[in-house]
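Quick notes on the structure that follows.
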Amino acid sequence: MRSTNLQMHKKSKFPVILIGIGCIIYAIMVRYTNFRIPCFFHKITGYYCPGCGITRMFYHLTFLDWKRASQENYFLFWSIPLLLGLFLVYYFPFSKFEKSRWRKKLINITAIGYLIGLVIWSVVRNILSI
């Protein structure tokens, strides 16, 4: 059973690696060209989506401009450590914690809390931009 679980985990890492490579390629294109993917939600509604500013945030991070990066999208900038921690716990579980019944609950509660925070951030940033 352990080997089957391990094989399943290896297969599920492929899309994550592929997305990571795509993000690196996109970051290089943004840094050295004028190519940007526009936010269609903002173009249609005029409101900022929770992810608006993420391209500009990562652009400033490539120059290690922490202040400007945080100004582009505060919530995502300051929650990156939480997302990385959640990613590590989900894809690289620790041996004792892997079998814990609390692991799945912790991941789910953290993910739900994060999504609630993202919705609140989306509302607040649109109220403040008026």
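Every read-out reported here was derived from the displayed coordinates using simple, explicitly stated rules and does not represent laboratory data. All of these numbers come straight from a predicted model, not from anything done at the bench. Here the Cβ positions follow ideal geometry from the backbone for every residue, glycine too, while neighbour counts run over all protein chains shown.
Here are a few things to note about the model shown:
- Sites residue 123 and residue 54 - FRET efficiency at Förster radius 25 Å, r taken between beta-carbons, to 0.05: 0.90
- For the range 44-58, backbone phi angles converted through the Karplus equation (6.51, -1.76, 1.60; θ = phi - 60°) give residue-by-residue couplings of 7, 9, x, 9, 7, 7, x, x, 4, x, 5, 5, 5, 4, 5 Hz, Gly and Pro being listed as x.
- Cα gyration tensor shape for the range 18-130, rounded if a/c is under 1.5, else prolate or oblate: oblate
- Packing around the peptides 19-31, 71-83, 51-63, taken as the average count of other Cβ atoms within 10 Å per residue, puts them in this order, highest first: 51-63, 71-83, 19-31.
- For residue 48, the shell of other residues with beta-carbons less than 13 Å away shows a net charge of +2, using +1 for Lys and Arg and -1 for Asp and Glu.
- On the beta carbon distance between residue 27 and residue 92, with R0 = 22 Å, the FRET formula returns roughly 0.40.
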